[in-house]
Structure formats: C-alpha cells, structure tokens
Amino acid sequence: MPTKRIAQIVHLKPSAVAAYKECHANVWPEVLRQIEDCNIVDYSIFFDNDRTLFATFKYVGEDFDGDMQRMKANPKVRDWWALTDGMQESPIPGAVGSAEGPGWWKVLDEVFYKE
C-alpha cells in the first residue's frame, strides 16, 4: 500500500499562541505513542503568525479509518484534543471538536507532489 500524505489546517485563537507552542514543546508521551501505533510518521505542525496552523503527516498503515478510530478511543488522546481544541477555531462548518462531529482540522487536497 502506498504512503498516504495528509495536509490539514485549523486556526489558532490569538490568545492561545504561547500556550499552544508550549504544550507542543512537551507533547504527552501517551499521545506520541498512539500516533506512532496508528501508523502516522513524519508529522509536523507549522504556524504562520496569521493564526493558521498547517499540519502534514504520512500514513503508512493499511486501515486508515480503523487506525483513526483506535486513536479516537484512547482517553489520553481525547484529553489532549480537548486541551488543544480549546485553543483553536475550526474552519469546518458545524465542527464541535476533534473527537466528535464532522472533523476539526480541514483536510487539504494535494495538487502537486514531487519526491
């Protein structure tokens, strides 16, 4: 199965910039372990000072939906999402959080790739 590259955006609340950077300098070990266990590699989040967060990662597993359900089922990951979602504003209409609803981060379409 080929590697699946995923890019996403979400907006950061102006009051949360420092706290967001701080918590991501010390991501909880349980969250990092779950990311790895769910076949996600090469994961980065970028900030553009205009409140947009841009995330990119590669999925190297065989069951993306199943792995994302396993991620969602982890109580520590859900606590992390509750913490970080509170610092963000989703561009998805009707979004309520990373753990529920139509999604929180907006997935972007890839229009060009050159390895």
Report summary line: Total charge of the residues flanking THR84 in space, meaning their Cβ is under 15 Å from its Cβ, with Lys and Arg +1 and Asp and Glu -1, is 0
Requested in this report: Hand me the trypsin sites (Lys or Arg not before Pro) from segment 1-85 located in a DSSP loop with no more than 15 other Cβ atoms within 10 Å, in residue order please.
Outcome: ARG51
Report task. Project the alpha carbons of the chain onto their principal axes and report the range along each, largest first, in whole Å. Result -> 42, 35, 29
Query raised in the report: Which value, in Å³ per residue, describes the convex hull spanned by the Cα atoms of segment 37-88?
Result: 82
Query raised in the report: Where does the chain land at 222 nm, in deg cm²/dmol rounded to the nearest 500, when only DSSP H runs of n ≥ 4 count, each adding -39500 (n - 2.57), divided by all residues?
Result: -10000 deg cm²/dmol
Query raised in the report: Of the heavy-atom accessible surface of the chain (probe 1.4 angstrom), what whole percent is carbon and sulfur?
Result: 52
**Report entry** DSSP bridge pairs, segment 4-108: antiparallel proportion in percent, nearest 5
**Finding:** 100
Query - Within segment 54-115, chymotrypsin sites (Phe, Trp or Tyr not before Pro) in DSSP loop having at most 13 other beta-carbon neighbours inside 10 Å - result: PHE112, TYR113
Query - For the chain: accessible area per residue (Å², 1.4 Å) - result: 64
Query raised in the report: Which number gives the lysine pairs in the chain that have C-alpha atoms under 29 Å apart and are eight or more places apart or on different chains?
Result: 22
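The values are calculated or read from the model by the stated rules, or taken from the named source; none is laboratory data. Since we're looking at a predicted model, the values are computed, not measured. Because the Cβ atoms are built from the backbone with ideal geometry, glycine has one as well, and the counts that use them run over all protein chains shown. In case anyone asks, the SASA skips ligands and DNA or RNA and just uses the protein heavy atoms, side chains included. Shrake-Rupley method; radii C 1.70, N 1.55, O 1.52, S 1.80 Å.
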